Every structure is written in structure tokens, then in C-alpha cells.
Amino acid sequence: MQASRLLSIMMLLQARGRMSAPALAQALEVSTRTILRDVDELSAAGVPIWGDRGRSGGFQLKAGWSTQLTGLTQPEVQALFLAGLPTAATELGLGTAATSARLKVVAALPDEWREQANNVSSRLHIDPVDWYRSTETPVALQEVASAVWRSVRLKIQYKSWRGVSKREVDPFGLVLKAGTWYLVARPVGKPEALTFRLANIQSANTLPQRFKRPARFDLAAHWKASTQRFEAEQYKHSAHIVASPRAQNWLANGRVKAVALPDAPRDAKLPSDWAHFLLPMESVEHGVRQLLGFGAEVKVIAPPALRAALLHELGRLNAAYL
């Protein structure tokens, strides 16, 4: 455990430059006293590390010095290759670079871990696209990605449900969700970052202006908060349904965020193995589209507007086949 921590300290200083003892302690989830003791041990072992006092002080390694990549544990080797998404790398124009980087990392591993790394990469494939969904490769993806890497401003032509608009944005990051690419960017003059679907960007051109990325901006945290907010805003309604065992399997396999209602009163007209659920929906129209696919395996209890709309649509469907 201590050896792994000592290596982590060297890697952090090698990657980030100067870091204070409290910052190292927070990153490694140990006490500041433990960090100071570890730094003494590294120095005694010949690692060229020293510290400066003061508000802007901290520990750092000698310029140009670096450790060899030989301290990886078995889980770390596995995690390294689990993180690879070759399809995404190819779409970003980094397919060749990703392959080259992997080969370099494997070559730097100790002999005892090299076979393990190759086993993981050859026996695990990650496919980020859901079933029965087509993939999207937006025309502006590589141009947008280049602007993200270099922190330069973008001028985009974007098509939304409101129409086509032209905007200048500061691109903070890219997100690949279920096979769909999104850009998180802050429109010029606006305080908050917004989400843009890459497939809706009709054109993108880099501008000469560079921007300063907010120091505390966390892409993963921003994405999590924005998706939670989006779902809360979109799914303002819910349908109370009773589902057959077959429909219950469909809900589970479809990963639908349905909430079970085990204490709901039973309907004497339905078999005892039917169960009550609350199903989130954007609107009555959305609920009708969603529930038509369940056929007679689901019965709607509420709201009345959904029951009426569903019966109306079933009447139209019946008339279409007569």
C-alpha cells in the first residue's frame, strides 16, 4: 500500500508539477503527516524531490526527471485498458494515436503484467451504442474536438427545435452518451455552459481567439447535474399503470425508470401477479406513444387524460384496419 502511494506521489508531481502537502493528501486520501513522511522516504531513496515554504510553495521534482512506468498494480493495468473506446478514438481522428499509445504502454510494462494487459484488451470489447440504435458521426466532430483540445473559440451554425442560429461558443468538453456526441460549451457573453448535440451542428469554424477554461469546471460533474436537471424538467408527469409479468420484463430489459408501488390496492379483475408502477412521461402524447407498445399487457389507472387519449388512439388504430 505504501509503495503504491509513493509511486502515486511521484506520478502526481510528474504530471502536475508543484503540489502542496495538503493537496497531495487530499488527492491520495491520507493525512498531511503521512505525505510528509512519504516525501522524506522518497528523498532518502534518491528521488530528487524538494519543497518550498510559503503560500505558493509545495513539493516538486527536479526538472527533466521522471520515473519509469513500472509500478502499476494488476487492477490498474486492467483499468487502463478498460478505459479504451476504439470507436470513439477513431471518430475523433485519434485511432492511430490510440493504438500507438497502447503499444508504448504495453512495452513499458513489466513482463509479469504485459500478458495480463493483452488479455484484457483482447477479451473485452466496449460497445457504447444501445440495441437497435444507429450510430452518429457528426460532420463537425473533429473540428469541434480540435477546438476543445486547444481551448479556442468556435463559431457554429446550430439547428434546434427553435430553428437555425449562429453562435460563438467557448468549447469546454465533449461527451459521448449512448452513441451520441454532445458538446458542452459556454456561449460568448453567457455565464453558464450549455449542451449542444453534435449532429445538430451544421458547420463549425475555429476562431483566432483563445479562451481561459474555468479553473473549477468539472466536465463529469457538470454533465451529471445537467442530465439530472434535464430529466426533472422533461419528465414532469407520471402514469400510474398495472403491468403483467411480461410487461414487467419489458420494463426491466428496457431500463425504464419505473417506480414500483407495492402497496397499491389490487384490481380484482386482474391476475394477482400484475404489479403497479409509476412511469415517468414528458406529456400525455409521449405517454400514449410509450404505452401503445405494451398492448394489453398494461392497464392505465391514471391520469384520466392519459386513459382518454390512449382509448382515442386505439379507436383510430382500429378504424385504420377496418
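Bear in mind that the values in this text are calculations on the coordinates, not laboratory data. This structure is a prediction, so every number in the text was calculated from the model and none was measured. No Cβ is skipped: glycine too gets one built from the backbone with ideal geometry, and neighbour counts run over all protein chains shown.
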> Ordered by residue, what ³J(HN,Hα) values in Hz, to whole numbers, does the stretch 30-45 give under the Karplus form 6.51 cos²θ - 1.76 cosθ + 1.60, where θ = phi - 60° and Gly and Pro are x?
Replying inline: 9, 7, 4, 4, 5, 4, 4, 5, 5, 5, 4, 5, 5, 5, 5, 7
> Tell me, what HN-Hα J-couplings in whole Hz come from the Karplus equation 6.51 cos²θ - 1.76 cosθ + 1.60 at θ = phi - 60° for each residue of the stretch 249-261, using x for Gly and Pro?
Replying inline: 5, 4, 4, 5, 5, x, 6, 6, 7, 8, 9, 5, 10
> Local charge sum around Arg213 (other residues, Cβ-Cβ under 14 Å, Lys/Arg +1, Asp/Glu -1)?
Replying inline: +4
> Just how far, in whole angstrom, is the stretch 136-175 from the stretch 221-249 if you go by their alpha carbon centroids?
Replying inline: 28
>> Classify the stretch 183-230 from the C-alpha gyration tensor, please: rounded if a/c falls under 1.5, else prolate or oblate depending on whether a/b exceeds b/c.
In response: oblate
> In terms of Cα to Cα distance under 16 Å, which lysines are near enough to Lys166, apart from those fewer than 8 places away along the same chain?
Replying inline: Lys155, Lys190
>> Amide H of Glu282 versus every other amide H placed in the peptide plane: which residues, excluding those fewer than 5 positions away on the same chain, fall under 5 Å?
In response: Gly287
>> If R₀ is 51 angstrom, what is the calculated FRET efficiency for the pair Ala63 and Ser134, using the beta carbon separation as r and rounding to 0.05?
In response: 0.50
> Which aspartates and glutamates does Lys299 reach when only Cα atoms under 14 Å apart count, and residues fewer than 8 places away in its own chain are ignored?
Replying inline: Asp267, Asp273
>> Using each residue's phi in the stretch 155-168, evaluate 6.51 cos²θ - 1.76 cosθ + 1.60 at θ = phi - 60° and report the 3J(HN,Hα) Karplus result to the nearest Hz, with x for Gly and Pro.
In response: 10, 10, 10, 10, 9, 10, 5, 7, x, 9, 9, 10, 9, 10
